[in-house]
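Presented below is the structure to which this report refers.
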Amino acid sequence: MKKAFFLDRDGVINMDVDYLHKPEDVVLCPGVGKAVRKINEAGYLAVVVSNQSGIARGMYTLREVKAVERKIRELLEPENARLDAFYYCPHYKDGSVPEFAVECACRKPKPGLLLNAIRDLGIDPSASFLIGDQLSDLRAGEEAGCKAVVMVTTGQGFRNLEKARAENRIVKSSLPEAVEYLLAL
Ligand SMILES: [Mg+2]
Ligand SMILES: [Zn+2]
C-alpha cells in the first residue's frame, strides 16, 4: 500500500486567484517546489484534490483546468518536484452547465476525490495526510480517514484562521511548514 500527501491546489500549491483558469496566471506559493520534492523523497505520493466548480458554472472547461495543471507541472520540473496525480471535482449543484450541475460525492468537504485516488492508486489513508487552506479540505481529509490534516494560512487560510482555531485545527503558515511538520510526526 502506498501513502500520500493529499494537497489542495488553489491557495496551497499556487496563489489563490479567483477561478484560476489561465496558465499565465499560475504563480506557485513560496517554497512549494522544495516542499513537493520533500514529499517525493520521503516516499509519499503527492496527490492534488481540487474543487473546480467554475466548470459547472460555465466559467471554464476541463481543458483549461488541464492547461493550468501542465503549467504547474512545468514550474515544478526545474525544482525536481513531481505531483503524481490530479483529481478534480467539476460539479456544483447550482451550476449552469447541466452535465455538471449535480449534487455529487466529490465536492469537498465530501471525500470522493480522495476516495477515488485511494482506490485508483492503492493508498492507505491511515498513513496519509491532507493539507488545505479551507476547513472543507480538512473535513474531506478526515472523512477519507487521513492520519492528520493541516490548514495552511496561504490562500483562503488566513480568512479562515479564526474558525480553524475554534475547531482546534493544526495551522501552519505554508505548504513547506506543513510538510515539515507532518513528516516529523
Ligand atoms: Mg484552496
Ligand atoms: Zn464532484
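What follows is calculated from the coordinates using simple rules that are stated; it is not laboratory data. Computed from a predicted structure; not experimentally measured. Here the Cβ positions follow ideal geometry from the backbone for every residue, glycine too, while neighbour counts run over all protein chains shown.
Details
- Qualifying residue in the range 62-81 (condition: in a loop (DSSP other than H, G, I, E, B) and more than 19 Å from ALA140 (Cα to Cα)): yes
- Total residues in the range 1-20, condition more than 11 Å from ligand 1 (Cβ to nearest atom), in contact (Cβ under 8 Å) with a residue 60 or more places away in the chain and surrounded by fewer than 18 Cβ atoms within 10 Å (Cβ to Cβ): 3
- Only one of LEU76, LEU138, LEU115, LEU185 that is closer than 16 Å to SER50 by Cβ and touching a strand residue (DSSP E or B) at 6+ places or on another chain (Cβ under 7 Å): LEU138
- Residues that are closer than 18 Å to GLY11 by Cα and free of Cβ contacts under 8 Å to residues at least 24 places away in the same chain number at least 1 in the following strands (runs of 3 or more DSSP E) confined to the range 106-185: 148-152, 170-172.
- When the range 39-61 is filtered for residues that are surrounded by fewer than 19 Cβ atoms within 10 Å (Cβ to Cβ) and part of a helix (DSSP H, G or I), the ones remaining, listed by number, are ASN40, GLU41.
- Filter result for TYR88 (more than 14 Å from ligand 2 (Cβ to nearest atom), surrounded by fewer than 23 Cβ atoms within 10 Å (Cβ to Cβ) and aromatic (Phe, Trp, Tyr)): no
- The range 21-33 - residue that is within 15 Å of ligand 1 (Cβ to nearest atom) and part of a loop (DSSP other than H, G, I, E, B) and, of those, nearest to TYR87 (Cα to Cα): HIS21
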